[in-house]
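Here is the structure we will look at.
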Amino acid sequence: MIDILRGLIGMAAIIGMAYAFSKHKKHINWRLVGTGLSIQFVLAIFILKGRDMAAVWAPLRWPKDFFSWVSSFFVIVLEFTTEGAKFIFGDLALSPGMEDSLGNFFAFQVLPTIIFFASLTAILYHYGILQKLVKYMAKGMQKLMGTNSGELKWREIGEKEILWAVSPSHPILRGLPEKIVIEHEEMYGEFFNIPDPDELVLISWFGGGNVFRSGLCYKRGLGKLFYFRPGHESFPIYYQKEVQQILINAANWAAPAQLPQITTGHTPQPIVTPAQ
């Protein structure tokens with residue numbers, strides 16, 4: 001009971017902090033929040049009480065069996081990782097608590113797992129398996145929660161891209177030409193469902209005829225954000241000098257400025273003494 005109460009308090013605290021820090025409380029979609037919490041509650045019931053509910057109707061145990069199968073798969077993968085690390089590093093790869101372990105060594109026990117899963121993810125992505133998993137999961141979440149993150153066009157055929165400067169005097173474009181040609185790139189096309197930017201710096205044109213807002217600036221309070229679209233693991237554009245210069249300029253533009261000390265809150269002393 002204490003564990004359940006701790007979990008409820010944790011969720012309430014997270015939602016409460018998000019609400020307290022929000023500048024647009026009236027725009028919060030409480031239906032979306034409620035749907036997300038309901039999904040968590042339903043999954044928790046099926047996973048924690050699946051065996052008990054199976055006594056009433058056997059299929060109610062299937063969700064728990066499914067997640068147990070997924071968990072066992074990753075346990076096996078982790079065992080493979082441990083065996084591989086042990087083959088290279090010997091007993092140094094054995095975690096504390098295991099027989100013949102020499103202690104806790106991040107480089108020999110944790111790092112091989114990170115490298116293994118990064119390699120596995122890259123292989124799954126290369127063969128298109130990861131994209132399909134994400135696609136089907138995203139469709140399910142869109143149906144359940146009424147969200148849509150797929151409101152743009154894309155293709156990956158390595159077509160030419162031209163980045164056009166639409167705000168040539170902007171600091172992010174300092175020292176750059178009015179157009180930057182990228183010979184091979186993944187295409188993204190409008191419509192792009194994002195908040196309107198404070199400044200539009202770059203627009204992309206692609207060989208297939210599509211266009212895209214590829215350099216956008218946002219200012220939120222004292223913070224600055226630059227969105228730069230180009231870049232893909234199949235096309236190493238970050239070796240291109242113009243792209244590197246954009247990133248350098250963007251970092252300098254977004255760096256904190258030397259601001260005067262600002263006083264907020266209750267100020268009992270007037271700036272100017274009222275005339276008597």
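Since every read-out is calculated from the coordinates, none of them should be taken as a lab result. On a predicted model such as this, the values are computed, not experimentally measured, just so you know. Heads up, the Cβs are rebuilt from the backbone with ideal geometry, glycines too, and the neighbour counts pull from every protein chain shown.
The simple Förster model, with R0 at 25 Å and r as the Cβ-Cβ distance, assigns Asn252 and Phe192 a FRET efficiency of 0.45. Helix 241-254 and the longest principal axis of the Cα set of the chain meet at an angle near 80°.
The label point for Leu5 and the one for Ile45, both projected 7 Å from the Cα toward the Cβ, are 2.3 nm apart. Taking the C-alpha atoms only, the angle from helix 111-126 to the longest principal axis of the chain is near 70 degrees. Projecting the Cα atoms of Ala55, Ser38, Ser72 onto the charge dipole of segment 1-149 (Cβ charges, centred on the Cα centre) puts Ser38 farthest toward the positive pole. The stretch between Ile157 and Trp57, if pulled fully straight at 0.36 nm per residue, gains 31.0 nm over its current Cα-Cα span. Within the chain, the ratio Rg/Rh, alpha carbon atoms throughout and Rh by Kirkwood, equals 1.06. Charging the Cβ of each Asp and Glu at -1 and of each Lys and Arg at +1, and nothing else, the dipole of segment 138-273 about its Cα centre rounds to 360 debye.
Note on the chain: with charges restricted to the Cβ of Lys and Arg (+1) and Asp and Glu (-1), its dipole about the Cα centre is near 1120 debye. Considering only Pro260, Pro230, Pro270, the residue lying farthest towards the positive end of the dipole of the chain is Pro270, judged by Cα position with unit charges set on Cβ. In whole percents, the pair-distance distribution calculated for segment 153-254 from its alpha-carbon pairs, binned every 5 Å from zero, is 2, 13, 24, 25, 20, 12, 3, 1.
For Thr263 and Ile76 in one chain, what is 0.36 nm times their gap in residues minus the Cα-Cα distance, to one decimal in nm?
61.5 nm
For the chain, the mean residue ellipticity at 222 nm estimated from helices alone is -15000 deg cm²/dmol, where every DSSP H run of n ≥ 4 contributes -39500 (n - 2.57) and the total is divided by all residues, rounded to the nearest 500. Taking each residue as 0.36 nm, the span from His24 to Ser38 lengthens on full extension beyond its C-alpha to C-alpha distance by 2.7 nm.
Among the chymotrypsin sites (Phe, Trp or Tyr not before Pro) in segment 109-199, those placed in a DSSP loop whose Cβ has at most 10 other Cβ atoms within 10 Å are Tyr127, Phe191. Site pair Lys132 and Tyr227 shows an inter-label distance of 3.1 nm when each label is modelled 7 Å from Cα along Cα→Cβ. Once both axes come from the Cα atoms, what is the angle between helix 2-21 and the longest principal axis of the chain, in degrees from 0 to 90, rounded to 10? Helix 2-21 and the main axis of the chain meet at about 10 degrees. What percent does the relative contact order of segment 132-276 come to when contacts are Cα pairs within less than 8 Å and at least six residues apart? It rounds to 20 percent for segment 132-276.
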